[in-house]
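Report on the structure given below.
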Amino acid sequence: MAAYLIGNFKVTNAEEFEKYRDLVTQTIRDHGGEYVLVDMNSVAVEGDSEHLSVVLKFPDMEALQGWYDSPEYQEIHPLRADNSEGNVTFATTGTAKND
């Protein structure tokens, strides 16, 4: 079952954040992931979402968690975390329940 990373960010240091963007794509691909969308000008309709929205797709939660926990990603993670504010959520398809 596919797994997704959903992120909304406010970039606080564009120059340093650009270094992260230059490095992260290969780590995503190395773990079977792909970009579904990247929007630098997303619009919050409800809540306080920031202007950068990202959705990544991985084959399953194991692959997503493996990417996130990988030494390669953890090495560059501070470039995102230290230069942006926001949130990251992991979600899978097919888990909704109709009660």
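Each label was represented as a point 7 Å from its Cα along the Cα-to-Cβ direction; for Glu50 and Asp69 these points are 2.6 nm apart. Computed per residue of the chain from DSSP H runs no shorter than four, each worth -39500 (n - 2.57), the mean residue ellipticity at 222 nm is -11500 deg cm²/dmol.
How high is the relative contact order of the range 10-99, in percent, counting Cα pairs under 8 Å that sit 6 or more residues apart? Rounded, it is 37 percent for the range 10-99.
For the pair Met40 and Asp82, label points projected 7 Å from Cα toward Cβ lie 2.3 nm apart.
Quick note: the coordinates plus some simple rules give every number you see, no bench work behind them. Only a predicted model underlies this, so the values are computations on that prediction, with no experimental measurement involved. Cβ atoms come from the backbone with ideal geometry, glycine included; neighbour counts cover every protein chain shown.
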